[in-house]
Amino acid sequence: MSSKVPPIILNNGVEMPQLGFGVWQVPDDEAEQAVAAALEAGYRSIDTAAIYGNETGTGKAVAASGVPREDVFVTTKVWNSDHGYDSTLRAFDTSLERLGLEYVDLYLIHWPTPARGTYVDTYKAFEKLLADERVRAIGVSNFLPEHLERLIEETSVVPAVNQIELHPHLQQHASREFHAEHGIATEAWSPLGSGKGLLEVPAIVAIAQKHGRTPAQVVLRWHLQLGNVVIPKSVTPARIKENIEVFDFSLDDEDLAAISALNEDRRLGPDPAEFNAA
Ligand SMILES: NC(=O)c1ccc[n+]([C@@H]2O[C@H](COP(=O)([O-])OP(=O)(O)OC[C@H]3O[C@@H](n4cnc5c(N)ncnc54)[C@H](OP(=O)(O)O)[C@@H]3O)[C@@H](O)[C@H]2O)c1
């Protein structure tokens with residue numbers, strides 16, 4: 001099945017599907033089945049990470065899918081304890097081996113872990129991987145504008161993507177503005193609020209009823225119309241299909257305003273300024 005998802009163009013010209021499939025908290029032996037279902041449903045972008053422990057299952061599903069490698073956009077991430085120039089290069093080799101791939105499409109620094117003071121060296125290893133054509137694009141995750149400013153000052157490749165927690169309860173205006181000014185794509189993690197109550201919020205339920213859609217589809221549509229890249233996760237086949245059926249309707253200005261009014265600047269995950277876990 002061909003993809004239903006339009007691409008966005010990253011700052012180095014590489015195309016990335018605007019909607020992909022996230023696999024956080026999916027055990028390795030279930031990841032193969034979930035990623036296979038996603039590829040079958042038309043997803044062409046998969047978001048994994050070394051720390052998720054499911055690069056192997058993800059890679060197996062990509063290999064078995066029959067979808068040409070160049071038609072699948074694979075993202076993985078270097079974990080905090082592998083920061084540093086040499087250890088990042090080693091961690092990349094290990095990820096690639098687990099994925100069973102020759103290259104990844106997007107490699108991200110998972111967290112800045114500012115107390116380590118190593119994200120600049122880590123990113124310099126990313127620049128080498130990019131120059132060596134082992135990755136098609138490089139970026140970061142959970143970086144605050146102050147971390148991005150330092151990277152931009154001290155390295156030569158502006159990150160293509162910053163993947164951050166973003167959903168109607170945490171709309172990240174300052175980061176989105178900074179990204180837009182610097183040509184960095186905003187990728188939303190936990191786009192559905194991690195399934196923790198957001199989809200029952202009355203304003204979202206009402207918009208869903210108005211369009212004859214589900215609350216999850218309304219939230220994903222809101223992200224897409226804002227210009228975010230989204231990577232909803234599900235291990236439920238019906239939801240995997242539902243979450244990609246979002247390109248045949250639009251929210252109007254009133255809907256968008258009602259969702260924008262839900263911002264509470266409330267994080268589900270850790271504060272990147274303080275998260276330094278190994
Ligand atoms: N960079 C980072 O630090 C970071 C952090 C967190 C996440 N991420 C990435 O972002 C991806 C998505 O985030 P996430 O997994 O936290 O949360 P999410 O995609 O916002 O939500 C996933 C939860 O919502 C449920 N769900 C999915 N589709 C649904 C639907 N149509 N209707 C009702 N419930 C639905 C899922 O349940 P079932 O699976 O049971 O169907 C699951 O419990 C991750 O998988 C990962 O790739 C990155």
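Rule-based calculations on the coordinates, nothing more; no lab input. In this text, all values refer to a predicted model and were calculated from it rather than measured experimentally.
Before moving on, here are some points about what is shown:
- For the chain, the C-alpha radius of gyration sits at 0.95 times the compact-globule guess of 2.2 N^0.38 Å, with N the residue count.
- Helical content of the chain, expressed as a calculated mean residue ellipticity at 222 nm, amounts to -11500 deg cm²/dmol (DSSP H runs of 4 or more residues, -39,500 (n - 2.57) each, divided by residue number, nearest 500).
- Contact order relative to length of the stretch 102-244, as percent, for alpha carbon pairs under 8 angstrom and 6 or more apart: 17
- Relative contact order, percent, the chain [alpha-carbon distance under 8 Å, six or more residues apart]: 20
- The stretch 96-152: Rg to Rh, with Rh as the Kirkwood radius over Cα pairs: 1.00
- Amide H contacts for Phe21 (H built 1.01 Å from N in the peptide plane; partners 5 or more residues away or on another chain; cut-off under 5 Å): Ser45, Ile46, Asp47.
- Net lengthening on full extension, Lys241/Glu146 (0.36 nm per residue, minus Cα-Cα): 30.4 nm
- Taking each residue as 0.36 nm, the span from His211 to Val120 lengthens on full extension beyond its C-alpha to C-alpha distance by 28.2 nm.
- Comparing Leu199, Leu99, Leu166 in a Gaussian network model of the chain (Cα springs below 10 Å), the most mobile by mean-square fluctuation is Leu199.
- Partners of Lys77 within straight-line reach, counting aspartates and glutamates whose Cα lies under 13 Å from its Cα and excluding those fewer than 8 residues away in the same chain: Asp47, Glu55, Asp93, Asp105.
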